[in-house]
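One structure below.
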Amino acid sequence: MRVLITGAAGSGTSTLAQTLAEQNQAAFLEADHFFWLPTQPPFAQQRPPAERRAMLVDALDQHHACAVAGSVMGWGAEIEDAFDTIVFLYTPTEVRLARLVRRETERWGRAEPAFLAWASQYDAGPPEGRSLAKHNAWLAVRRCPVVRLDGRLPVADLQRQFATQAAGFRNV
């Protein structure tokens, strides 16, 4: 089974995807690893779209069972429709920003103010990148089932809800 876990930065997509991958002996793939070129500092230069698409298609071909974390909107139908289920995590802005500050400080020693400003605009819609409206429009045209979960919940609760809802799809 291939599952995409998507949502705003800080919503818990990587945590849930990694947990589901481990639980199901599946590969864990992070969309940002395909989107960004390895740079110092990190996340400074985007990988060319054709290159990131080819890399992710190759990874999906290698891993028929995988959990992918992140956003793949605009990456092309071959990727966007490659999933059996999509999980959308919605997490309120204040919770996401607190998580991002904690995560970025642990990783890099500080949270970049420009990144936090961009992430804080998700619900209203930043001019570039992900937004709640863009995600909802994208999810509305997906071919596979979409599971919507509350990203404030502990990961164990998210796992249980996903398992219950995904099982219901398989039994239809």
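Rounded to whole numbers, the Karplus 3J(HN,Hα) couplings from phi for region 59-67 are 5, 5, 5, 6, 10, 6, 10, 7, 10 Hz, using 6.51 cos²θ - 1.76 cosθ + 1.60 with θ = phi - 60°, and x at Gly and Pro. Using all pairs of distinct alpha-carbon atoms, the Kirkwood hydrodynamic radius of the chain works out to 16.5 angstrom.
List, in order, the whole-Hz ³J(HN,Hα) value for each residue of region 25-41 obtained from phi through the Karplus relation with A = 6.51, B = -1.76, C = 1.60 and θ = phi - 60°; use x for Gly and Pro. Per residue, the Karplus-derived 3J(HN,Hα) values read 6, 10, 6, 10, 10, 10, 4, 4, 5, 8, 6, 9, 6, x, 9, 10, x Hz. Our estimate of slack between residue 24 and residue 144, defined as 0.36 nm per intervening residue step minus the Cα-Cα distance, is 41.3 nm. Placing dummy labels 7 Å off each Cα toward the beta-carbon, the span from residue 161 to residue 94 is 1.9 nm.
Taking all protein chains as they are arranged and a probe of 1.4 Å, the heavy atoms of residue 107 leave approximately 130 Å² accessible to solvent. Using the Stokes-Einstein relation with a Kirkwood hydrodynamic radius computed over Cα pairs, the translational diffusion coefficient of region 75-115 at 4 °C and a viscosity of 1.567 mPa s comes to 101 µm²/s.
Label-to-label distance for residue 152 and residue 32 is 2.4 nm, based on points extended 7 Å past Cα in the beta-carbon direction. Full extension of the chain segment joining residue 63 with residue 77 gains 3.2 nm, where the gain is 0.36 nm per residue of separation less the Cα-Cα distance.
The values are calculated or read from the model by the stated rules, or taken from the named source; none is laboratory data. Not measured: the values here are computed from a predicted model. Ideal geometry is used to build each Cβ from the backbone, glycine not excepted, and the neighbour counts take in all protein chains shown. Each accessible area value is taken on the protein alone, full model and side chains, heavy atoms only, with ligands, DNA and RNA left out. Shrake-Rupley method; radii C 1.70, N 1.55, O 1.52, S 1.80 Å.
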